[in-house]
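Okay, so here's the structure we're looking at.
The values are calculated or read from the model by the stated rules, or taken from the named source; none is laboratory data. Remember, predicted model here, so these are calculated numbers, not experimental data. Positions of Cβ are backbone-derived with ideal geometry, glycine not excepted, and every protein chain shown enters the neighbour counts. Remember, those area values only see protein heavy atoms, side chains included, never the ligands or the DNA or RNA. Shrake-Rupley method; radii C 1.70, N 1.55, O 1.52, S 1.80 Å.
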Amino acid sequence: MTKPEKCRCSWCGDDPLYCEYHDQEWGIPLFDERKLFEFLLLEGAQAGLSWITVLRKRENYRKAFDNFDPEKIARYTPAKIEKLMQNDGIIRNRLKIESAIKNAKAFLEMKKNGESFSDFVWGFVNHKPIQNTLRGMKDAVASTPQSDAMSKALRKKGFNFVGTTICYAYMQACGMVNDHFADCHRHKECLALAKQIVR
């Protein structure tokens, strides 16, 4: 008798890459500044597209964008932008590429001013993941007052491609909110991880 497959959120379907992302990354509280920066850029790149499109290009993005090193990205020249526009391994959208550079500069400006990007973004959920109990896609939302506030604050600091919907997807991905469905095996696991957070 075969062992039953673990119950997952329905949105990841049966694509192995999507299932791996769902099981090993999505919703896990993330505090590492470099990884938080990476996810911010990837969520911006995803705007108007499906997340699986970005996942399939993620390794190409790491190579093309110097492993998401904000110091290097902030120094990208017009020639580098043109080179990226010819790279079919990434989403070749000039505004999104220019946004990555702009966001790297804003990220570094915060660092220069002694601000922690991690503390900043986690501040919108009082540094503890919000625990939801979604029963399915019908309960899902695209934005919340917290994502509205994050979007407004990030824009004020010079970031772009940070609308409230992008910010909420970012919060979900980085574990600031646990939106695994209530019957998903990861819901309890992410709840347990949240309880371990000490500030």
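Data table
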read-out: Paramagnetic reach from Lys111 in region 37-79 [backbone N under 16 Å; point 7 Å along Cα→Cβ]; value: 37-41, 65-76
read-out: Apportionment of accessible area to carbon and sulfur, region 1-146, percent (1.4 Å); value: 52 percent
read-out: Pairs beyond 26 Å (Cα-Cα), from Lys57/Lys96; Lys35/Lys57; Lys57/Lys80; Lys83/Lys112; Lys63/Lys152; value: Lys83/Lys112; Lys63/Lys152
read-out: Proportion of all alpha-carbon pairs of region 140-181 beyond 16 Å (%); value: 28 percent
read-out: Per residue accessible area in Å² of the chain, where ligands, DNA and RNA are left out and the probe is 1.4 Å; value: 53 Å²
read-out: Spin-label model distance (nm) - Asp88 vs Asp69, 7 Å beyond Cα toward Cβ; value: 2.9 nm
read-out: Chain lengthening between Ala153 and Lys188 when straightened (0.36 nm per residue, less Cα-Cα); value: 9.5 nm
read-out: Cα-based helix-to-principal-axis angle, 185-195 vs the chain, degrees rounded to 10; value: 70 degrees
read-out: Nearest-20 debye value, the chain charge dipole, Cβ charges on Lys, Arg, Asp, Glu; value: 460 debye
read-out: Cα-centred dipole magnitude for region 67-147, charges only on beta-carbon of K, R (+1) and D, E (-1), debye, nearest 20; value: 160 debye
read-out: Calculated [θ] (222 nm, deg cm²/dmol) that DSSP helices of n ≥ 4 give over the chain, each run adding -39,500 (n - 2.57); value: -16000 deg cm²/dmol
read-out: Rounded tilt (10° steps) of 33-46 against the dominant C-alpha axis of the chain; value: 90 degrees
read-out: Geometric extent, Cα atoms of the chain - Rg, Dmax (angstrom); value: 17.1, 60
